[in-house]
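Structure first, then comments.
The values are calculated or read from the model by the stated rules, or taken from the named source; none is laboratory data. Nothing here was measured: the structure is a model prediction, and the numbers come from that model. Backbone-built Cβ (ideal geometry, glycine too); neighbour counts: all protein chains shown.
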Amino acid sequence: MIECHKDTAVVILSYNGTKWHELFLPKIVEEAYTGYEVILADNASTDNTLNYVQSNFPTVKTIHIDVNHGFANGYYEALKQVKAKYYILLSADFEVTEGWFPPLHKAMEQDSQLAACQPKIRYWKEREKFEYAGAGGGFMDKYGYMFCRGRIFFDIEKDNGQYDDNIEVFWASGGCLVVRADLYHKVGGLDIEFYAHMEEIDLCWRLKNAGYKIGYVGNSIVYHVGGSVISYGSPQKLYYNFRNNLILLLKNEKGSKLLWLLPFRLCLDGIAGMRLLFTFKFTEMFTLIKAHFHFYAKIGKWLKRRKECKQHINNPNLVGIYNKSIVWEYFIGKKKKFNLLNWGTKNL
């Protein structure tokens, strides 16, 4: 067990990540004086990650995980070995900036109901733009589709200061996620069955169902390379996008809504599959079918998970749910930016 002397542990999960640590770890370690300790969890790397970090960054504590069972499992195993008030789950391909940590810590300290939060996430390769996975905070529409301020489907905004505020959101990015350690463990932590996609949304939804807030802190900025765990647009990404979204809904959505939502989503996914067929994207079509098959084949497991989640439900916090269809608004209404949705946000 690693007991942190400071109240925050920045835990970096790494798999063959030496190239990222050469680029980004010096700044992370340099900024640690602002109030956190750095821990690297090596997820069964086959390169020299562990030796490199231990040799070049003696202040960084390390954890070795024997077998790589995915992103969610790596954190699940690592965080069982870390004692702190706050965890920051920071992916290896993130660049932090000067003063990135204090605003996040201040937000958590000022509101005991704030269970988790994220900073503003920009794209490392095009630094004026928001990043795909997280951007300016995560939201969900009435049908269970996820989107972000700064990124709706294929449109990514430039950061012109339009999202410099601190607000409540529905989910915070797992790439740079600040979470209260006691609440993380209380609701069961990351679900290892998600492997590496939407596991943070599942965690945030469980925290929301327990009555807590999820936040976005706009005066903290980090940069994300992106696609280093699962490449954007890959069949693997498509598989987890469809399968994990169904698991997410079954685990966390209220029963009365699930009765019509799951059949409706099945129809929508069927339409998506036909579109892939008619555009000759056969690999993607069969990937979608496989995702549905694997979801229904293990329905008993997901129902058991749902039962476990229900034990923590207490006055669910519904802030961050958009009570319309983001698919309709984007593709039919041509609303490509968050501020065109005519939907207010709630300050922290």
Across region 236-263, what is the total count of residues that are farther than 23 Å from CYS309 by Cα and among the hydrophobic types (A, V, I, L, M, F, W, C)?
1
Pairs only if they're at least six apart or on different chains, beta carbon under 6 angstrom, first in region 1-15 and modelled with pLDDT of 95 or more, second of a type in the set (Phe, Trp, Tyr) and outside any strand (DSSP E or B); list them, first residue then second.
LEU13/TYR75
I need the full set of residues from region 329-338 which are at pLDDT 95 or above and in a helix (DSSP H, G or I), in order please.
GLU329, TYR330, PHE338
Breaking point among (1) over 19 Å from TYR143 (Cβ atoms); (2) in a loop (DSSP other than H, G, I, E, B); (3) of a type in the set (Phe, Trp, Tyr), for PHE293
(2)
Scanning region 98-132 for residues that are within 17 Å of LYS85 (Cβ to Cβ) and touching an Asp or Glu at 6+ places or on another chain (Cβ under 7 Å) gives PHE101
Would it be correct to say that ALA133 is under 25 Å from HIS69 (Cβ atoms) and either over 14 Å from the mean Cα position of the chain (by Cα) or in the same structural domain as LEU262 (by TED's automatic domain parsing) (or both)?
no
Go through region 129-167 and report how many residues are small (Gly, Ala, Ser) and in a strand (DSSP E or B).
1
Could you list, in sequence order, the residues of region 1-28 that are of a type in the set (Phe, Trp, Tyr) and within 21 Å of GLN118 (Cβ to Cβ)?
TRP20, PHE24
Residue that is nearest to LYS19 (Cα to Cα), among those in region 94-139 that are of a type in the set (Asp, Glu) and surrounded by fewer than 21 Cβ atoms within 10 Å (Cβ to Cβ):
GLU95
Within region 276-288, restricting to residues that are of a type in the set (A, V, I, L, M) and surrounded by 15 or more Cβ atoms within 10 Å (Cβ to Cβ), the one that is nearest to ARG243 (Cα to Cα) is LEU288
Selection from region 318-327 of residues in contact with an Asp or Glu (Cβ under 9 Å, 6 or more places away or on another chain) and either at pLDDT 95 or above or not hydrophobic (A, V, I, L, M, F, W, C) (or both) yields VAL319, GLY320, ILE321, TYR322, ASN323, LYS324, SER325, ILE326
Can ILE121 be described as modelled with pLDDT of 95 or more and under 16 Å from the mean Cα position of the chain (by Cα)?
yes
Only one of LEU268, LEU288, LEU303, LEU248 is in contact (Cβ under 8 Å) with a residue 24 or more places away in the chain and under 19 Å from the mean Cα position of the chain (by Cα); which?
LEU248
Filter pass, LYS304 being on the phi < 0 side of the Ramachandran plot and either in contact with a Lys or Arg (Cβ under 9 Å, 6 or more places away or on another chain) or loosely packed, with under 13 Cβ neighbours inside 10 Å (or both):
yes
Residues of region 168-193 classified as closer than 13 Å to ILE88 by Cα, of a type in the set (A, V, I, L, M, F, W, C) and part of a loop (DSSP other than H, G, I, E, B), total:
1
